[in-house]
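These notes are about the structure you will find just below.
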Amino acid sequence: MNLKGQAFPDGFLWGGAVAAHQLEGGFDQGGKGLSTADVMTIGANDIPRKVTDGIDPNEFYPNHNAIDFYHRYPEDIKLFAEMGFKAFRTSIAWTRIFPNGDDEQPNESGLKFYDDLFDECLKYNIQPVITLSHFEMPYHLVQKYGGWRSRKVIDFFVKFATVVFKRYQHKVKYWMTFNEINNQTDFESSHALFTDSGILPKSNEENEKLMYQAAHYELVASAMAVKIGHEINHDFQIGCMIAMTPIYPLTSKPEDVLFAQRAMQTRFWFADVHANGFYPQWLLNHFKEQKFNLDITETDLRYLREGKVDYIGFSYYMSFTVKDTGKLEYNESYDRVKNPYVKASEWGWQVDPVGLRYALNWFNDRYHLPQFIVENGLGAIDKKTVDNQIHDEYRISYMNNHIREMKKAVLEDGVNLIGYTPWGCIDLVAASTGQMSKRYGMIYVDENDDGTGSLNRYRKDSFYWFQDVIKHNGSEIE
Ligand code: BG6
């Protein structure tokens, strides 16, 4: 099929994506409470971020001020409108609404902030697309309840979801519950459990069991929220948010293929539960074999069945590769190997545009649901010239190659794709390292890793390129 000249379906949601803690700043303003992201220091490519016990005045916390979107959002949204955005994905900081998480009443000033922010988007016909929990939760819930290791957190989350669903029911249609809920598959990595579930494992605890229990509570909370959301507004579209990294076998050796299949099952069972409303049998068998004795009740299972998601929201940055290890259990921290056919970014992320088409088809065959690519992008070091230009042709090439595969999936393979909101449409604090220098944006923010800089915004070359893509509804991509 000749792709040039063919546009994406009418109403396709082109836009950009961010998360509250990575750009808002104002961490202690408007009555906001401390969140888990507020106790994470800066790291680097090979230096993990530290999670401190409360705030240590001798440490630097990049999320505290981030890029000051809290005060500058009208200027930023104006730039998004200039690019032609139809959608803007962000999250609501739980701690702006319930500063401690277990408060009786919501914080009106936090609610008002998002009212104003969404109004500003709607003024330009930009639809807010909202994640309820994007890698942060009230720090108080971690201290008092141990994060998502506690069943009590389900009720706090559902209360938060209900308050914001009611408040913004006429402003927001597209929602997602937990960002990249399946990243904690890598439960042995330094912060996957803390980032997804607010859990700091003790030395005598079994991380795998902790992960399954926390994920179960989150999935129940998500299902309850979906059910309540639909009761509040029938038109709501509430999705899950999965970190999609297709996992390939290194060779066609049957044992490699079988192991890759199990690796996919292990990483994506979260989506099975979200979309099918029940646990896959292989996983229930695994729980039994491991004698996990998880707290899963009949009522929970009923909620899972009744709160299935409306669409699959997912991020796509890279693919993984595995080879037979002689056992069938996939351990994400150890079992990945290098794919000889794809190159990696400076941060070691395997860049694989074809994998995006594969992913779209894989989800389509498995769930038969609409899909929404809510993150995709290249983290790179950008240079600003003396006349304030940013020539980021590597980012344009990355995005072009991914949009081309996405276009094939939609136009040739018949995948039902709602939209595409590339990550970090404006430079922001990286989640994994806390750096500003790992930039994804099409808008440059003059800020250094140590927080210094003018915070001025500049349009990169990719800004004008993406503006053109949106203007022609993708028809120029070939
Ligand atoms: C996804 C997250 O994992 O990838 C974002 O949903 C994150 O929050 C993005 O920022 C890119 O990762 P990083 O670590 O480069 O910021």
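With the condition kept exactly as written, say whether any residue in the range 275-288 is touching a strand residue (DSSP E or B) at 6+ places or on another chain (Cβ under 7 Å), within 22 Å of residue 222 (Cα to Cα), within 16 Å of the ligand (Cβ to nearest atom) and in contact (Cβ under 8 Å) with a residue 24 or more places away in the chain. Checked the range 275-288: no residue is touching a strand residue (DSSP E or B) at 6+ places or on another chain (Cβ under 7 Å), within 22 Å of residue 222 (Cα to Cα), within 16 Å of the ligand (Cβ to nearest atom) and in contact (Cβ under 8 Å) with a residue 24 or more places away in the chain. Pairs meeting the criteria (first residue in the range 140-162 and surrounded by fewer than 24 Cβ atoms within 10 Å (Cβ to Cβ), second residue polar (S, T, N, Q), beta carbons under 7 Å, at least 6 apart or on different chains) are 140/100; 149/213. Of all the listed residues (68, 46), the sole one being touching a residue at least 12 places away in the same chain (Cβ under 8 Å) and either more than 16 Å from the ligand (Cβ to nearest atom) or on the phi < 0 side of the Ramachandran plot (or both) is 68. Does at least one position in the range 403-410 carry a residue that is within 21 Å of the chain's Cα centre (by Cα), away from the ligand (no atom under 16 Å from the Cβ), in contact (Cβ under 8 Å) with a residue 60 or more places away in the chain and not in a helix (DSSP H, G or I)? Within the range 403-410, not a single residue is within 21 Å of the chain's Cα centre (by Cα), away from the ligand (no atom under 16 Å from the Cβ), in contact (Cβ under 8 Å) with a residue 60 or more places away in the chain and not in a helix (DSSP H, G or I). The single residue among 468, 449 that is in contact (Cβ under 8 Å) with a residue 60 or more places away in the chain, more than 10 Å from the ligand (Cβ to nearest atom) and surrounded by fewer than 21 Cβ atoms within 10 Å (Cβ to Cβ) turns out to be 449.
Per-residue answers, yes or no, for (1) more than 30 Å from residue 81 (Cβ to Cβ); (2) among the polar types (S, T, N, Q); (3) away from the ligand (no atom under 16 Å from the Cβ):
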{"position": "133", "(1), (2), (3)": "no, yes, no"}
{"position": "148", "(1), (2), (3)": "yes, no, yes"}
{"position": "160", "(1), (2), (3)": "no, no, yes"}
{"position": "171", "(1), (2), (3)": "no, no, yes"}
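Matching residues to (1) part of a loop (DSSP other than H, G, I, E, B); (2) more than 21 Å from residue 168 (Cβ to Cβ); (3) out of contact with any strand residue (DSSP E or B) (no Cβ under 9 Å at 6 or more places or on another chain):
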residue	(1), (2), (3)
29	yes, no, yes
53	yes, yes, yes
58	yes, yes, yes
61	yes, yes, no
90	no, no, no
101	yes, no, no
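Residues are listed down the side, and each one gets a yes or a no for (1) within 16 Å of the ligand (Cβ to nearest atom); (2) without any contact (Cβ under 8 Å) to a residue 40 or more places away in the chain; (3) closer than 27 Å to residue 453 by Cβ:
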position: 81; (1), (2), (3): no, no, yes
position: 88; (1), (2), (3): yes, no, yes
position: 94; (1), (2), (3): yes, no, no
position: 97; (1), (2), (3): no, no, no
position: 107; (1), (2), (3): no, no, no
position: 117; (1), (2), (3): no, no, yes
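Among the residues of the range 227-237, not a single one is in contact with a Gly (Cβ under 7 Å, 6 or more places away or on another chain), at pLDDT 95 or above and either crowded, with 24+ Cβ neighbours inside 10 Å or farther than 21 Å from residue 133 by Cα (or both). Taking (1) within 16 Å of the ligand (Cβ to nearest atom); (2) within 30 Å of residue 38 (Cβ to Cβ); (3) surrounded by 20 or more Cβ atoms within 10 Å (Cβ to Cβ) in turn, residue 390 satisfies each apart from (1). The residue list 436, 399 contains one member that is within 16 Å of the ligand (Cβ to nearest atom), in contact with a Pro (Cβ under 8 Å, 6 or more places away or on another chain), within 21 Å of residue 79 (Cα to Cα) and assigned to a loop (DSSP other than H, G, I, E, B), which is 436.
For the range 325-347, the candidate set comprises residues that are assigned to a loop (DSSP other than H, G, I, E, B) and over 29 Å from residue 209 (Cβ atoms); within that set, the residue that is nearest to the ligand (Cβ to nearest atom) is 347.
Just to be sure before I move on: is residue 445 modelled with pLDDT of 95 or more, within 16 Å of residue 389 (Cβ to Cβ) and touching a strand residue (DSSP E or B) at 6+ places or on another chain (Cβ under 9 Å) in the structure I sent? Yes, satisfied. A single entry from 359, 430 fulfils the requirement of being within 16 Å of the ligand (Cβ to nearest atom), part of a loop (DSSP other than H, G, I, E, B) and small (Gly, Ala, Ser): 430. Within the range 306-351, being in contact (Cβ under 8 Å) with a residue 60 or more places away in the chain and of a type in the set (A, V, I, L, M, F, W, C) holds for 309, 312, 314, 318, 320, 322, 328, 337, 347.
Okay, residues lined up against (1) surrounded by fewer than 23 Cβ atoms within 10 Å (Cβ to Cβ); (2) farther than 18 Å from residue 24 by Cβ; (3) in contact with a helix residue (DSSP H, G or I) (Cβ under 6 Å, 6 or more places away or on another chain):
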residue: 94; (1), (2), (3): no, no, yes
residue: 98; (1), (2), (3): no, no, yes
residue: 103; (1), (2), (3): yes, yes, no
residue: 109; (1), (2), (3): yes, no, no
residue: 124; (1), (2), (3): yes, yes, yes
residue: 128; (1), (2), (3): no, no, yes
residue: 169; (1), (2), (3): yes, yes, yes
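Listed here are the residues, each with its yes/no results for (1) within 16 Å of the ligand (Cβ to nearest atom); (2) under 14 Å from the mean Cα position of the chain (by Cα); (3) under 17 Å from residue 20 (Cβ atoms); (4) assigned to a helix (DSSP H, G or I).
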position: 163; (1), (2), (3), (4): no, no, yes, yes
position: 182; (1), (2), (3), (4): yes, yes, no, yes
position: 196; (1), (2), (3), (4): yes, yes, yes, yes
position: 201; (1), (2), (3), (4): no, no, no, no
position: 204; (1), (2), (3), (4): no, no, no, no
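The values are calculated or read from the model by the stated rules, or taken from the named source; none is laboratory data. Being a predicted model, the structure only gives us computed values, none of them experimental. Cβ coordinates were reconstructed from backbone atoms using ideal geometry, including for glycine residues, and neighbour counts include every protein chain displayed.
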